[in-house]
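Reviewing the structure listed below.
The values are calculated or read from the model by the stated rules, or taken from the named source; none is laboratory data. None of these values were measured; they are calculated from a predicted model. Positions of Cβ are backbone-derived with ideal geometry, glycine not excepted, and every protein chain shown enters the neighbour counts. Only protein heavy atoms, including side chains, enter the accessible area calculation; ligands, DNA and RNA are left aside. Shrake-Rupley method; radii C 1.70, N 1.55, O 1.52, S 1.80 Å.
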Amino acid sequence: MNNNEIVQKLWNLCDVLRDDGINYSDYVTELVSLLFLNLVNENAETGVFEDHPLPEGCRWQDLSERSGLNLLDHYRRLLLLLSTGKDGDKIVHQDPLLLAIYANAQTRIREPRHLEQMITELDKVDWFSVQQDGLGDLYEGLLEKNANETKSGAGQYFTPRALINAMVNVIKPQPKEVIQDPAAGTAGFLIAADQYMKQRSDDYYDLSPKDREFQERKAFVGVELVPNTRRLAL
């Protein structure tokens with residue numbers, strides 16, 4: 001299954017949610033909340049993480065093992081736990097990235113069967129068939145379809161990849177520089193700048209440990225005011 005086929009498969013799931021009154025841009029947000037959990041699970045199963053980055057009760061299998069109202073109720077609780085880091089007075093997690101990704105996260109899904117179908121279909125995707133940079137291509141494919149449907153993807157202007165790459169090629173960003181996008185959208189320019197530099201520096205392996213740390217933690221700065229668009233960028 002190539003990237004275009006996976007994009008089409010994921011996009012077709014939007015039809016599942018139409019009965020819930022969920023539009024295209026809302027659908028992309030709904031999909032991302034689930035897709036993140038699914039991909040973390042894939043990486044955990046293949047040993048990418050030493051410790052599972054998600055708290056117990058907030059993992060993919062906690063959804064895939066449930067059905068009906070029990071599933072929908074648990075999913076709503078899961079989003080609340082990830083967005084606040086708390087279960088009542090009990091601290092569940094304090095991961096700043098999770099708190100940012102799931103900030104004020106909610107679901108508009110009302111029918112448990114729709115959530116079940118999305119989970120089932122995501123489980124069928126062979127993520128190993130997605131090449132190294134394929135995940136970015138998947139997001140871009142979904143955003144492009146969304147932009148074509150709504151004329152402004154997720155309430156934002158969609159910049160074609162060819163134009164992004166052309167601008168990055170002109171600017172020629174270099175490692176150890178700060179790359180800032182003051183209107184980051186879904187971070188397409190930041191991702192393209194990162195890919196541009198990785199291709200010319202052996203994935204940053206030719207940098208010193210200190211400079212690699214800078215690239216991972218401080219090199220890229222983005223500002224985005226629209227909450228759901230920021231979520232997609234993160």
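Cβ-Cβ under 9 Å, sequence separation 6+ or interchain: first residue in segment 74-91 and within 19 Å of residue 34 (Cβ to Cβ), partner part of a strand (DSSP E or B) and among the basic types (Lys, Arg). Which pairs?
As it stands, the answer is 80/86, since those pairs meet every condition given.
Go through segment 56-84 residue by residue and tally those that are within 13 Å of residue 102 (Cβ to Cβ), surrounded by fewer than 19 Cβ atoms within 10 Å (Cβ to Cβ) and not polar (S, T, N, Q).
Here is the first cut: in segment 56-84, the residues within 13 Å of residue 102 (Cβ to Cβ) are 58, 75-84.
Cutting the leftovers down to surrounded by fewer than 19 Cβ atoms within 10 Å (Cβ to Cβ) gives us 76-77, 79-80, 83-84.
Filter once more, keeping what is not polar (S, T, N, Q): 76-77, 79-80.
Number satisfying all stated conditions: 4.
Hey, residue 9 hits all of (1) assigned to a loop (DSSP other than H, G, I, E, B); (2) under 20 Å from residue 125 (Cβ atoms); (3) touching a residue at least 12 places away in the same chain (Cβ under 8 Å) but one; which does it fall short on?
Against the list (1) assigned to a loop (DSSP other than H, G, I, E, B); (2) under 20 Å from residue 125 (Cβ atoms); (3) touching a residue at least 12 places away in the same chain (Cβ under 8 Å), residue 9 comes up short only on (1).
Restricting to segment 85-118, and then to whatever is under 15 Å from the mean Cα position of the chain (by Cα) and open to solvent by less than 60 Å² (accessible area, probe 1.4 Å), can you tell me which residue is nearest to residue 17 (Cα to Cα)?
So, considering only residues that are under 15 Å from the mean Cα position of the chain (by Cα) and open to solvent by less than 60 Å² (accessible area, probe 1.4 Å), the one nearest to residue 17 (Cα to Cα) is 105.
Can you tell me which residue in segment 34-47 is nearest to residue 115 (Cα to Cα), limited to those that are open to solvent by 10 Å² or more (accessible area, probe 1.4 Å) and in a helix (DSSP H, G or I)?
First, pick out the residues of segment 34-47 that are open to solvent by 10 Å² or more (accessible area, probe 1.4 Å): 36, 39-47.
Adding the requirement that they be in a helix (DSSP H, G or I) leaves 36, 39-45.
Working: 36: 15, 39: 17, 40: 18, 41: 18, 42: 19, 43: 22, 44: 23, 45: 23 Å.
So the residue we want is 36.
Are any residues in segment 168-208 in contact with a Phe, Trp or Tyr (Cβ under 7 Å, 6 or more places away or on another chain) and aliphatic (A, V, I, L, M), and if so, which ones?
Within segment 168-208, 168, 179, 190 qualify.
Conditions (1) open to solvent by 80 Å² or more (accessible area, probe 1.4 Å); (2) of a type outside the set (Phe, Trp, Tyr); (3) in contact with a His (Cβ under 9 Å, 6 or more places away or on another chain), marked per residue:
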{"residue": "168", "(1), (2), (3)": "no, yes, no"}
{"residue": "175", "(1), (2), (3)": "no, yes, no"}
{"residue": "181", "(1), (2), (3)": "no, yes, no"}
{"residue": "184", "(1), (2), (3)": "no, yes, no"}
{"residue": "189", "(1), (2), (3)": "no, no, no"}
{"residue": "193", "(1), (2), (3)": "no, yes, no"}
{"residue": "199", "(1), (2), (3)": "yes, yes, no"}
{"residue": "203", "(1), (2), (3)": "no, yes, no"}
{"residue": "206", "(1), (2), (3)": "yes, yes, no"}
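Return yes when residue 211 is exposed (fewer than 12 other Cβ atoms within 10 Å of the Cβ) and farther than 25 Å from residue 101 by Cα and no when it is not. Before the answer, list the steps.
Numbers: exposed (fewer than 12 other Cβ atoms within 10 Å of the Cβ): no; farther than 25 Å from residue 101 by Cα: yes.
Considered against the rule, which asks whether it is exposed (fewer than 12 other Cβ atoms within 10 Å of the Cβ) and farther than 25 Å from residue 101 by Cα, residue 211 comes out as no.
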